[in-house]
Amino acid sequence: ALAVSTGYNIVYKGGAKEITLKLDNISPATLLDYVTRLADMKYVRKGTTVIVASRSDIDSSFYEEEVITHIKLRYMTGEGVAQEISTLMDGSFEFLHHESASRDLWIKGLPAELAKARQVIEMLDNSDMISGGSDALPDHLKFIQLSYLTGMEFSALLESLGYRPGIVMQADSMNLLYVGNDDDFAVVARIQEIVDAKQSSTTVKRVVDSAQDEDGYTRLQIRRDLICEMTGISPSRFYISSNISKSSSGSYNYIMYLRGTPEEVAEVMDVVSQIGG
């Protein structure tokens with residue numbers, strides 16, 4: 001299916017692996033990246049051919065495919081970023097040069113690994129580091145330990161609600177690396193409290209709608225009543241949050257979730273898509 005969707009010839013060197021994954025509104029190329037990481041494998045692309053194999057096989061067979069990329073940092077030093085990336089990620093790349101006071105960084109590795117490293121760097125290298133520099137990292141970097149949702153599921157949910165997504169480390173799919181400040185972490189913790197909960201064998205808890213305006217709570221109540229009328233599901237099965245926006249003023253974000261069977265969740269999501277925003 002991925003080969004058909006991407007147009008690539010995919011060569012897979014490995015045994016059978018079972019992966020359970022549900023993601024919406026992502027490209028086939030992104031899905032290929034997620035699937036290989038969940039399988040603890042790597043891939044390299046040569047023209048229209050993608051070779052998927054174990055990390056050791058890729059590293060030994062495609063060493064010549066490694067490239068060097070230069071990253072010009074805005075706020076952090078190359079030394080600070082190199083140290084943090086080495087700690088956080090188990091990618092097969094090396095830092096070729098970084099002076100202690102320089103904001104230039106050169107990294108060598110496979111393209112797929114470099115893309116993930118660049119994503120982490122973009123999250124780390126922000127204006128919050130101006131005053132604190134690399135020493136400020138512990139205050140702005142946090143691993144979110146999930147209990148029931150995977151890191152990718154939780155990251156996708158955050159993005160759908162208008163918040164910055166996190167980064168999933170390949171070695172631990174139940175952890176999410178998140179960069180932010182105290183307000184960001186408070187909002188993420190609140191969302192996690194709502195959705196990252198154990199479900200019974202017959203019911204699930206899923207976010208089905210959201211609103212980002214001052215009248216969002218009232219609007220979600222109206223939409224809930226309409227959904228209940230169309231589906232016959234009791235309003236007591238729906239929960240509308242208080243404002244979970246990280247901003248203290250002028251910003252609003254409300255979410256509504258349903259506790260019900262997977263079939264009920266699917267029915268509600270279909271109704272939500274029909275009535276639109």
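The values are calculated or read from the model by the stated rules, or taken from the named source; none is laboratory data. Just so it is clear, the structure is predicted and the values come from calculations on it, not from any experiment. A quick note on method: Cβ atoms are made from the backbone with ideal geometry, for glycine too, and the neighbour counts reach across all protein chains shown. The accessibility values were calculated without ligands, DNA or RNA, using every heavy atom of the protein model including side chains. Shrake-Rupley method; radii C 1.70, N 1.55, O 1.52, S 1.80 Å.
Express in Å², to the nearest 10, the accessible area of R224 obtained by rolling a 1.4 Å probe over the protein heavy atoms while all chains stay in place.
Its heavy atoms expose roughly 50 Å² to the probe.
Students often check this: by mean Cβ neighbours within 10 Å, which of 27-33, 104-110 ranks highest, and how do the rest follow?
Ranking the peptides 27-33, 104-110 by packing returns 104-110, 27-33.
How long are the semi-axes of the equivalent ellipsoid of the stretch 138-272, taking √(5λ) for every eigenvalue λ of the Cα gyration tensor, in whole Å from largest down?
They are 27, 19, 10 Å, listed from largest to smallest.
Please give, to one decimal in nm, the separation of the simple spin-label points placed at Y12 and K46, each 7 Å out from Cα toward the Cβ.
Each label point lies 7 Å from its Cα, and together they span 2.0 nm.
Using a 1.4 angstrom probe with every protein chain in place, what is the largest-first accessible-area order of M269, M174, M152?
Listed by decreasing accessible area, they come as M269, M174, M152.
Keeping all protein chains in the complex and leaving out DNA, RNA and ligands, what accessible area do you get for Y252 with a 1.4 Å probe, in Å² to the nearest 10?
My reading of the accessible area for Y252 is about 70 Å².
Would you work out what percent of the accessible area of the stretch 144-277, with all protein chains in place, is carbon or sulfur (probe 1.4 Å)?
47
Please give the charge dipole size of the stretch 181-277, origin at the Cα centre, charges +1 on K and R Cβ atoms and -1 on D and E Cβ atoms. Round to the nearest 20 debye.
That gives the stretch 181-277 a dipole magnitude of about 260 debye.
Within the stretch 5-86, what percent of beta bridges assigned by DSSP are antiparallel, to the nearest 5?
60
Heads up, I need the accessible area for H70: 1.4 angstrom probe, whole protein in place, Å², nearest 10.
For H70, solvent-accessible area is about 80 Å².
Taking 22 Å as R0, compute the FRET efficiency from the Cβ-Cβ separation of I275 and T218 and round it to 0.05.
0.90
Could you state the principal axis extents of the C-alpha atoms in the stretch 176-229, from the largest down, to the nearest angstrom?
Computed over the stretch 176-229, the largest-to-smallest principal extents equal 40, 37, 12 Å.
May I ask which of K22/K116; K108/K142; K13/K46; K46/K108; K42/K205; K116/K142 have a Cα-Cα span longer than 23 Å here?
Where the Cα-Cα span goes over 23 Å, the pairs concerned are K108/K142; K42/K205.
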